[in-house]
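Here's the structure, in structure tokens; my notes come after.
The values are calculated or read from the model by the stated rules, or taken from the named source; none is laboratory data. Quick caveat, the model's predicted, so the values are computed rather than measured. No Cβ is skipped: glycine too gets one built from the backbone with ideal geometry, and neighbour counts run over all protein chains shown. The accessibility values were calculated without ligands, DNA or RNA, using every heavy atom of the protein model including side chains. Shrake-Rupley method; radii C 1.70, N 1.55, O 1.52, S 1.80 Å.
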Amino acid sequence: MIYLDYASTTPIRKEVLDTYTMLLSKYYGNSDSLHDIGRESARLMEQSRANIAQLFHVQKDEIFFTSCASESNNYATKAYAWANQRKGKHLITTCVEHSSITNAMKQLEESFGFEVTYLPVNEKGVVSLEDLKKALRKDTILVSMMMINNETGAINPIKECADYVHQNSRAAFHMDGVQALGKIPVDLKDVDMATFSAHKIYGLKGSALFYKKKNIQVLPLISGGQQEEGLRAGTSNAPADIVLAKTLRLALESLNDNYTYVKKLNTWLREALSTCEDIVINSPEVTSPYILNISVLCIGSEVMLNALNDKGFAVSAQSTCSSKSKAISHVLLEMGLGELRATHAIRISMSHMTTMEELELFVKAIKEVIHDYRTK
Ligand SMILES: Cc1ncc(COP(=O)(O)O)c(C=O)c1O
């Protein structure tokens, strides 16, 4: 099987797996226990937190371990909104966020009396500062925006938007950086909160980060013990938290080389596919090269996915978290690309592990599927 679904998840890096396997058997102690076995787990966890903070150039007590980016996004929205609602009940996000932001925002609207403005995107899938300026109000307490869109690779002007929010309001700025980490440089000094996931950077599933600046207040989402400054109770997943520092270091070390390599792959693939009849490219030119979104106009997403799967290729249609909902990409609809493209979309996501040969085989396979469909 040729894997072209790296935006959905990545295989674990061998060095990470080896370290994790060692940690699992050696550091089983509860990091909150007062004996030496527990203390050693705690020491390594805190060392990992410090290393992660150093890699991001932030403070150690601004880094929180969570179980997935969806959880981190819930801290940045619900936990933040509940803690700050006395300052105002207006929130801003975009209409193309991951479901973990959109559904948290919906819950805040429907069950907790918040008002949410969903910023539109242009035909390139990007938010405009002008729209943000219009939406920002005196009672806005939060702006949440993804850095790279998970379906199209579109890149938002995070610094520009965050700077405007900070200079013109009391609102906090949250960035969902899941698809950006390890792919393009991420600067946490621009934002108040951020979200990252280990399984998108060749790390473990069930392991993620929530960053928040010290002055940012959030309520606990899991009440109980003292873990993670009392914000997230439950026995810590020490081995996963410990190995996350190494996962992150390795991902950042190879960022530039990988980017250059994947950009070449993307350029080749974009060109090869754009010459195919019936294929239109949905990802704008200036995007993350790791994602290429296309529509095969004569074949619906699900049929295409299955046909490619039968030929030995793993790709997605939209965000994997929405793969069981209606087979229409709301992201492409919001970009104004129309229903046909939104129901016929395929997301190809690449990595440094992708080879040119794999892409050549992929282009051959997609052409065969189109040909077979036409001549049926
Ligand atoms: C932009 C974005 N945010 C959040 C998530 C959720 O990540 P996790 O699977 O770690 O919950 C994803 C996963 O695809 C994503 O692409």
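Can you tell me how the stretch 1-100 classifies by the Cα gyration tensor, rounded, prolate or oblate, using a/c under 1.5 as the rounded cut? If you can, show how the numbers build up before the last one.
Values: a/c = 2.50, a/b = 1.30, b/c = 1.93.
Oblate, since a/c reaches 1.5 and b/c is not below a/b.
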With each pseudo-label sitting 7 Å past Cα toward Cβ, what's the Thr275-Ala233 distance in nm, one decimal? 6.3
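Using Cα pairs closer than 8 Å and at least 6 residues apart in sequence, work out the relative contact order for the chain, in percent.
Numbers: 737 pairs, mean separation 81.5, N = 376.
Relative contact order comes out at 22 percent.
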Roughly what angle does helix 356-375 make with the longest principal axis of the chain, taking Cα atoms, 0 to 90 degrees, to the nearest 10? 50
Taking H placed 1.01 Å from N in the peptide plane, check which residues at least 5 places from Ala154 or on another chain put their amide H under 5 Å from its amide H. Asn149, Ser288
What nm value, rounded to one decimal, do you get for the distance between Lys263 and Ser111 when each label is placed 7 Å out toward the C-beta? 4.5
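Multiplying the sequence separation of Lys134 and Ile222 by 0.36 nm and subtracting their Cα-Cα distance, what value in nm do you get?
On the way: separation 88, 0.36 × 88 = 31.68 nm, distance 3.54 nm.
Taking 0.36 nm per residue and subtracting the Cα distance, the gain is 28.1 nm.
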Report, ordered by chain and residue number, the lysines lying within cross-link reach of Lys364, taken as a straight Cα distance under 21 Å and ignoring same-chain residues fewer than 8 apart. Lys263, Lys264, Lys311, Lys376
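What is the stretch 201-252 by shape, rounded, prolate or oblate, if you read a ≥ b ≥ c off the alpha carbon gyration tensor as root eigenvalues and call it rounded for a/c under 1.5, prolate for a/b larger than b/c, and oblate otherwise?
On the way: a/c = 2.78, a/b = 1.57, b/c = 1.77.
Judged from the Cα gyration tensor, the stretch 201-252 comes out oblate (a/c at least 1.5, b/c at or above a/b).
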Enumerate the calculated ³J(HN,Hα) couplings along the stretch 131-143 in order (Karplus 6.51 cos²θ - 1.76 cosθ + 1.60, θ = phi - 60°), each rounded to whole Hz, writing x wherever the residue is Gly or Pro. 5, 5, 4, 5, 7, 5, 10, 4, 9, 6, 10, 8, 10
Amide H neighbours of Leu119 under 5 Å, at least 5 residues apart or on other chains, H built in the peptide plane: list them. Thr93, Thr94, Cys95
Order by accessible surface, 1.4 Å probe, largest leading, for residues Lys106, Lys246, Lys214 comes to Lys214, Lys106, Lys246
Which one, Thr77, Thr19, Thr287, has the greatest fluctuation when you compute a Gaussian network model over the chain with C-alpha springs under 10 angstrom? Thr19
At q = 0.08 Å⁻¹, what base-10 log of I(q)/I(0) does the Debye formula yield for the chain when every alpha carbon is treated as an equal point scatterer in vacuo? -0.42
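For the chain, what proportion of DSSP beta bridges, expressed in % and rounded to the nearest 5, is antiparallel?
Roughly 50 percent of the DSSP beta bridges within the chain come out antiparallel.
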Expected unfolding gain across His57-Leu250 under the 0.36 nm per residue rule, minus the alpha-carbon gap, is 67.9 nm
Which angle from 0 to 90°, rounded to the nearest 10, does the C-alpha axis of helix 36-56 make with the longest principal axis of the chain? 60
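Given Cα pairs under 8 Å that are at least 6 residues apart, what percent is the relative contact order of the stretch 1-114? Numbers along the way, then the final one.
Values: 60 pairs, mean separation 14.8, N = 114.
So the answer I get is 13 percent.
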From the backbone phi of the stretch 247-253, what are the Karplus-calculated ³J(HN,Hα) couplings (6.51 cos²θ - 1.76 cosθ + 1.60, θ = phi - 60°) in whole Hz, Gly and Pro given as x? 4, 5, 4, 5, 5, 6, 4
Return one whole number: the accessible area per residue of the chain in Å², for a 1.4 Å probe. 43
Helix 14-26 against the longest principal axis of the chain: what's the angle in degrees, Cα atoms only, rounded to the nearest 10? 30
Where a Cα-Cα gap under 20 Å defines reach, which lysines qualify for Lys78, not counting those fewer than 8 residues away within the same chain? Lys87, Lys89, Lys106, Lys138, Lys212, Lys213, Lys214
Under Karplus coefficients 6.51, -1.76 and 1.60, residue-wise ³J(HN,Hα) of the stretch 179-184 in Hz, glycine/proline x: 8, 9, 4, x, 10, 9
Scale the Cα Rg of the stretch 77-226 by the rule-of-thumb value 2.2 N^0.38 Å and send over the ratio, two decimals. 1.00
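If you take the square roots of the eigenvalues of the alpha-carbon gyration tensor of the stretch 21-166 and sort them as a ≥ b ≥ c, do you get rounded (a/c under 1.5), prolate (a/b over b/c) or oblate? Intermediate values should be presented prior to the final figure.
Values: a/c = 2.42, a/b = 1.95, b/c = 1.24.
Since a/c reaches 1.5 and a/b is larger than b/c, the shape of the stretch 21-166 is classed as prolate.
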Mind giving me the nanometre distance, one decimal, between the label points for Asp36 and Val303, set 7 Å out from Cα along Cα→Cβ? 6.8
